[in-house]
Amino acid sequence: MGHGFSTLLYKEVLRFWKVASQTVAAPVLTSLLYLLIFSHVLEGHVKIHGIAYTAFLIPGLVMMSVLQNAFANSSSSLIQSKVTGNIVFVLLPPISYLEFFLAYVLASVVRGFVVGAGVLLATFWFAPLTFAQPQWIFVFALMGGAILGSLGVIAGIWADKFDQLAAFQNFLIMPLTFLSGVFYSISSLPLFWQHVSHWNPVFYMIDGFRHGFFGVSAASPWLSLAVVGVCLAVLTVFTLNLLKRGYKLRA
Amino acid sequence: MSAAIRIQQVSKCFGSTQALDRVDLEVDQGEFFGLLGPNGAGKTTLISALAGLVRAAAGSLSVMGHDVQSDYRAARRHLGVVPQELVFDPFFTVRESLKIQSGYFGIGDNDSWIDEILENLGLTAKANANMRMLSGGMKRRVLVAQALVHRPPVIVLDEPTAGVDVELRQTLWAFIRRLNEEGHTIVLTTHYLEEAESLCGRIAMLQSGRVVALDTTARLLRRFSTHTLRLRSHGEIPADLVRGAAQSGGWWSLPFDNFEEVEPLLARIRAAGCRIDDLEIGKPDLEEVFIRVMQGQAEAPVN
């Protein structure tokens, strides 16, 4: 990877960091509000895999923040650059489509990690957390962030207007993340909805991530790793192909 | 020595619109080249194809001998493009924008060259201002600066003076002229024909995606435009002179090629008993050339 890649990565990180109150502080506060409300209602009533509800909820909120912010970073950066026209600044230089892809996706992962760490810092006071198998925490945060970062690249390139991007976010990303077992264990669902949830790749990201904290989960972390790995591979190939063809970027 | 720009049989459609139709064009190193044509003639599409922003459907383009598709990295390193749209990244200051742009081209430490560009474009005082805070003219200067950070041997300016004030025009052209004198190849599109006439050594005119005229500025002027002797007089102009002349608003315009013809012309008018009230000499101008080429493209030979 050349200097073009590292500069684009730096620029993408600097971009969200310059408006950190919107891109970091706001999602951390949102997660904190979820925690305060849900734990107030459910703490003491619900235990999942023998874990107190608030402790169970925290990793879910952290991972949801990682995923949503990874998506938001690449998608909003690209749509803004396209709408304002300054996308030419990255299309004119000798940056390969692979460098372009990696820079946007990695910057999304960085944003996800920063927000995720912020949520963890803001919430871990509320319940005793363990870090049973931290390697899973890292692996799923990285891969989940990369998947949503790639989806953000696809959405940002595909959308011509902000409302199209909002539709992608509201009708695809939000349901997938909210219905993935962030707030509940899917074992508590009726059988039909359990089966449906097993078709949601985000479920495996959350479940595998949570396994890193408690060492227990609904699915085996290895199964989750396989599902998440396949998703990442498919999306990477798909996105690289779009970029190579210059879809909507190089007419 | 390879051509600065070589465009061979390049075609491009957008839907049913033929934006470029088998365009052939070659610009030598060190030239100051003008690309003229009405709106929608294909100038920006041609520049976009050269810059890799648009993919040509047929034909090939190269910059300093590097094909813009197969050898895009080298082609783009040799090319600096000032886009027509006034675009900017609102997140960054002027200096940040220029440092980031340098990095995209693989240049880490570029501060002294950035300082020099800022100085030459009158941007030094604005170096640490956010892009959003700049006036339109200042943003335009930054666009020019961004195109120059990697010291490209070939510089393409797509209507750089559209809607900018006199001061910026003069600053800009002084700097671009200097770069040209230092060996940079300059390609310019503009609707200000007097600008093209005074700057460009050679000119191509595009119409509906085709090159309809291509020659040195001097030859184009000679071929399609002449000097004119414009005068207002009392009395009849000799009949044989009236034939080549045009009349409007009490003024006669008599075409001539060499200044030696002026004295005999005046002598004959005087001899015919005319009294000249007012007189001026019009130079050939590119506007006339442009209009004649666009109106009667069939008679305009393409070389």
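Details
- The selection criterion, being among the basic types (Lys, Arg) and in contact with a helix residue (DSSP H, G or I) (Cβ under 8 Å, 6 or more places away or on another chain), does not hold for residue B:232.
- Verdict on residue A:240 being modelled with pLDDT of 95 or more and crowded, with 17+ Cβ neighbours inside 10 Å: yes
- Subset tally (residues that are closer than 30 Å to residue B:16 by Cα and facing chain A (nearest Cβ under 8 Å)) for region B:57-74: 1
- Of all residues in region A:122-136, those satisfying the criterion of being among the aliphatic types (A, V, I, L, M) and either more than 20 Å from the chain's Cα centre (by Cα) or farther than 21 Å from residue A:30 by Cβ (or both) are A:127, A:129, A:132.
Per-residue answers, yes or no, for (1) exposed (fewer than 12 other Cβ atoms within 10 Å of the Cβ); (2) charged (D, E, K, R); (3) modelled with pLDDT under 85; (4) assigned to a strand (DSSP E or B):
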{"residue": "B:204", "(1), (2), (3), (4)": "no, no, no, yes"}
{"residue": "B:211", "(1), (2), (3), (4)": "no, no, no, yes"}
{"residue": "B:223", "(1), (2), (3), (4)": "no, yes, yes, no"}
{"residue": "B:232", "(1), (2), (3), (4)": "no, yes, no, yes"}
{"residue": "B:237", "(1), (2), (3), (4)": "no, no, yes, no"}
{"residue": "B:240", "(1), (2), (3), (4)": "yes, yes, yes, no"}
{"residue": "B:263", "(1), (2), (3), (4)": "yes, yes, no, no"}
{"residue": "B:268", "(1), (2), (3), (4)": "no, yes, no, no"}
{"residue": "B:273", "(1), (2), (3), (4)": "yes, no, yes, no"}
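Residues checked against (1) under 19 Å from the mean Cα position of the chain (by Cα); (2) assigned to a helix (DSSP H, G or I):
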residue	(1), (2)
A:187	no, yes
A:195	no, yes
A:204	yes, yes
A:208	yes, yes
A:225	yes, yes
A:234	yes, yes
A:238	yes, yes
A:241	no, yes
A:250	no, no
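- Restricting attention to region A:84-101, the residues that are part of a helix (DSSP H, G or I) and within 14 Å of chain B (Cβ to nearest Cβ) add up to 9.
- So residue B:188, is it touching a helix residue (DSSP H, G or I) at 6+ places or on another chain (Cβ under 8 Å) and either among the basic types (Lys, Arg) or surrounded by fewer than 20 Cβ atoms within 10 Å (Cβ to Cβ) (or both): no
- Residue satisfying all of: in region B:77-89; more than 7 Å from chain A (Cβ to nearest Cβ) and closer than 14 Å to residue B:136 by Cβ; surrounded by the fewest Cβ atoms within 10 Å (Cβ to Cβ) among these: B:86
- If the condition is being within 30 Å of residue B:73 (Cα to Cα) and not in a helix (DSSP H, G or I), then region A:1-37 contributes A:1, A:2.
- The one condition in (1) touching a His at 6+ places or on another chain (Cβ under 9 Å); (2) farther than 25 Å from residue A:38 by Cα; (3) surrounded by 19 or more Cβ atoms within 10 Å (Cβ to Cβ) that residue A:140 fails to fulfil: (2)
- Residue tally, condition under 20 Å from residue B:176 (Cα atoms) and buried (at least 21 other Cβ atoms within 10 Å of the Cβ), over region B:95-112: 3
The values are calculated or read from the model by the stated rules, or taken from the named source; none is laboratory data. Quantities reported herein were computed from a predicted structural model and do not represent experimental measurements. FYI the Cβ positions are ideal-geometry reconstructions off the backbone, even for glycines, and counts take in every protein chain you see.
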